[in-house]
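Here is the structure we will look at.
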Amino acid sequence: MVVDFFSWADDDAGRSRFGPEEVKSRQMDVIEQRVYLSFSVRCWEAFDPARNRWKRLPRMPCSEVFLSRGMESLAVGTDLLVFGRQVTSNVIWMYSLPNHRWSICPKMNHSRCLFGSSSHGEIAIVAGGSDMNGDIVNHAELYNSKLGAWESLSDMNLSRKHCSGVFMDRKFYVIGGISSQGERLSCGEEYNMETRAWRRINDMIPDWDEARSLYSRSLPLVAVVNNQLYAADRTTNEVKKYVKSNNTWNVVKRLPVRADFMYGSGFAFKACGDKLIVVNTWMNNDAVVYSWRPEDGNGEGPEWDVLSILEGASGFLFNCTVVSGC
């Protein structure tokens, strides 16, 4: 069977429950964005940037063992996937926006953590990572949220973990990471959805963090807006844009906050529709969401805006993921 992977199928804190209009807009194929953020290991917030509304999700009914391990997140379709580990196996908890509840998601064919991932509408791709034995892998899988199923893809050319993933120009890219020899990778790989083949791209992302060894295990902070790739450089607090024609990067903007504080942890740099967003909670217990529209890839333009403030979030951002175009 040939599948078109790119078909689109209030409380006291000021958070409101998403109502029927959100479900209706999905049925009408209206492109929406949702930002999911975790300021606590068990609790998640959902932010609707179009309506500037926050909603606290139900508490994730997972075990204490799951909470004590590192977690990763991925938003796809109308679902939020939270990846973690129980005593003897990896587990994926899934929150459904229409049903407003948590359930267990089917496992990947090759369970792993520390992978690169990204979503596009109702599909997502997970690539690389570290398996249950601690081995760094080159496996890749596609998740179809409409079917609730994982499909194994061809393996990447290189095994890697602590990498990042993005969709751009109808292709999936995995960028950076750590090799099976423990070396920092500057190369990327491109997955062609039509030919189902991987292509290696040497020197796709410079090792900007090389001067600061404490960054060496950090994921590259990358995001795609209007099919243009941007990165947040933690060492210089700059936004850089990828030039596809010659495989280089140009500085286009200063970040609205310091990304080098706390070595880049507790800081989110994401794409949300036609904007780049930065989420910061370092200075106080409030979470601040900044936004900037690159204007079709042009670095010239307005400054960062404060899109929203969530008071009393906490002092640290554990996870952030965005779903667009559902």
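Keeping to the stretch 88-132, report how many residues are part of a loop (DSSP other than H, G, I, E, B) and basic (Lys, Arg). Even if it seems obvious, please write down each step before you answer.
Taking the stretch 88-132 and keeping what is part of a loop (DSSP other than H, G, I, E, B), we get 88-89, 97-100, 105-112, 114-115, 121-122, 128-129, 131-132.
Now narrow it down to the ones that are basic (Lys, Arg): 107, 112.
So the answer is 2.
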Q: Tell me which residues, restricted to the stretch 115-155, are of a type in the set (A, V, I, L, M, F, W, C) and modelled with pLDDT under 95.
A: 132
Q) Of the numbered conditions (1) at pLDDT below 95; (2) out of contact with any Lys or Arg (no Cβ under 7 Å at 6 or more places or on another chain); (3) not small (Gly, Ala, Ser), residue 199 satisfies every one except a single condition; which is it? A) (1)
Q) in contact with a strand residue (DSSP E or B) (Cβ under 9 Å, 6 or more places away or on another chain) and modelled with pLDDT of 95 or more, is that true of residue 282? A) no
Q: Filter the stretch 66-87 for residues that are in a helix (DSSP H, G or I) and of a type in the set (A, V, I, L, M) and give the result.
A: 67
Q. Modelled with pLDDT under 90, over 16 Å from the mean Cα position of the chain (by Cα) and not in a loop (DSSP other than H, G, I, E, B) - does that describe any residue in the stretch 36-50?
A. no
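For the stretch 85-141, what are the residues that are of a type in the set (Ser, Thr, Tyr) and surrounded by fewer than 20 Cβ atoms within 10 Å (Cβ to Cβ)?
Filtering the stretch 85-141 down to residues of a type in the set (Ser, Thr, Tyr) leaves 88-89, 95-96, 103, 111, 117-119, 130.
Residues satisfying the conditions are 88, 89, 96, 103, 111, 130.
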Q | Restricting the stretch 146-161 to residues that are charged (D, E, K, R) and not in a strand (DSSP E or B), the residue that is nearest to the chain's Cα centre (by Cα) | A | 146
Q | Close pairs (9 angstrom Cβ cut-off, 6 or more residues apart or separate chains): more than 24 Å from residue 207 (Cβ to Cβ) in the stretch 148-165, assigned to a strand (DSSP E or B) and among the charged types (D, E, K, R) anywhere | A | 148/79; 150/141; 151/141; 152/141; 153/141
Q. Which members of the stretch 51-65 meet the condition of being among the hydrophobic types (A, V, I, L, M, F, W, C) and in a strand (DSSP E or B)?
A. 54
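Out of everything in the stretch 218-233 that is assigned to a loop (DSSP other than H, G, I, E, B) and in contact with a strand residue (DSSP E or B) (Cβ under 7 Å, 6 or more places away or on another chain), what residue ends up being surrounded by the most Cβ atoms within 10 Å (Cβ to Cβ)? Outline the logic, then answer.
Within the stretch 218-233, the subset assigned to a loop (DSSP other than H, G, I, E, B) is 218-220, 226-227.
Retained after the next criterion (residues that are in contact with a strand residue (DSSP E or B) (Cβ under 7 Å, 6 or more places away or on another chain)): 219-220, 227.
Values: 219: 18, 220: 27, 227: 13.
Among those residues, the one meeting the criterion is 220.
The values are calculated or read from the model by the stated rules, or taken from the named source; none is laboratory data. Remember, it's a predicted structure, so these values are computed and weren't measured experimentally. Note that we place each Cβ from the backbone using ideal geometry, even for glycine, and neighbour counts take in every protein chain shown.
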